[in-house]
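As structure tokens, the structure follows; a few thoughts come after it.
The values are calculated or read from the model by the stated rules, or taken from the named source; none is laboratory data. Because the structure is predicted, anything quoted here is derived from the model rather than measured. Here the Cβ is made from the backbone with ideal geometry for all residues, glycine too, and neighbour counts use every protein chain on show. For the accessible areas, the whole protein counts, side chains as well, though only heavy atoms, and no ligand, DNA or RNA atoms are used. Shrake-Rupley method; radii C 1.70, N 1.55, O 1.52, S 1.80 Å.
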Amino acid sequence: MPDLTDLPPAPTLLVTVLAFLLGSLVSGVLYSRARGADIRDRDLPGGSGTWRQFGRGAGILVSAGDILKGIVAALLARALVPQGGEALAALVTGAVVAGHCYPVFFGFRGGGGIAPLLGALLVFTPDVLLALLLTAAVVIPTYKATLQARLKLNAVPFTTAVAVPVGLLVGALTGGFWPLLAGGAVMAVRAAHLLRGGA
């Protein structure tokens, strides 16, 4: 486990809170409200939900916005606590994903957390991000062609179940294990909440 005691308390708290607040700016909610609706009445407010409800262009725009907030949170952390290392990366990644999943500005009803996780990993641990993307690129078409009809499970959760262990292995070798674990743990809590019928 990364050593948090070496982090300067005040700047670390500041960047963690800022990451949570950035995460809470859920692009899908902002976009749908600008269109006179709240996507959460019909779907999750991530890129795929926005795509289903408002079309491809809207889905891409929302995905880009949610990835961007992960990038900004990570860059702020690097700028304000440059000595933070993997411990800070784990805190900030977990915070920006938590903000997206449980946004303080929108009644703690957010999305699944994939896009801000990708953005934070892009800055903190690009090797892990590359491993996740390459795994997904192989698993998704293979799964759809072979197992999806039998298992009746969407490709995203199946791919996540395969890609995350691969990413954690790469992270253990390259130093990006804890940020992925922190973000993934928040996403797992959100997924369990949604499966139990949570909003």
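Look at the dipole of the chain built from charges on Cβ: of Ala10, Leu130, Gly28, the Cα furthest out on the positive end belongs to Gly28. Each stretch of four or more DSSP H residues adds -39500 (n - 2.57); spread over every residue of the chain, this sum gives -24500 deg cm²/dmol at 222 nm. Given a 1.4 Å probe and the protein chains as shown, Ser48 ends up with an accessible area of around 70 Å². Say the dipole of the chain comes from +1 at the beta carbon of Lys and Arg and -1 at that of Asp and Glu; which of Ala87, Pro116, Leu169 then lies farthest toward its positive end? Of the candidates, Pro116 comes out farthest on the positive side. Length, then width, then depth: along the principal axes, the Cα atoms of the range 18-133 run 44, 29, 17 Å.
Size descriptors for the range 1-57 (Cα atoms only): Rg and Dmax, in that order, 16.9, 47 Å.
Here the range 84-103 and the range 1-71 have alpha carbon centers that stand 12 Å from each other.
Ranked from largest to smallest solvent-accessible area, with a 1.4 Å probe on the protein heavy atoms, Asp6, Asp66, Asp43, Asp127 come out as Asp6, Asp127, Asp43, Asp66. When the Cα positions of Ala74, Phe106, Met187 are compared along the charge dipole of the chain, Phe106 comes out farthest toward the positive end, with charges on each C-beta of Lys, Arg, Asp and Glu.
Among Thr93, Thr16, Thr174, the order of accessible area from largest down is Thr174, Thr16, Thr93, computed with a 1.4 Å probe on protein heavy atoms. The candidates Arg40, Arg33, Arg52, arranged from most to least accessible area with a 1.4 Å probe in the full protein assembly, appear as Arg52, Arg33, Arg40. The magnitude of the dipole of the chain, with charges of +1 and -1 set on the Cβ of Lys/Arg and Asp/Glu and taken from the Cα centre, is near 860 debye.
Subtracting the Cα-Cα distance of Lys152 and Leu169 from 0.36 nm times their residue separation leaves 3.3 nm of extension gain. For the chain, hydrophobic long helices are taken as DSSP H runs at least 20 Å long by C-alpha position along their axis with mean Kyte-Doolittle hydropathy of 1.0 or more; these are 9-23, 56-80, 85-101, 126-146, 155-174, 177-195.
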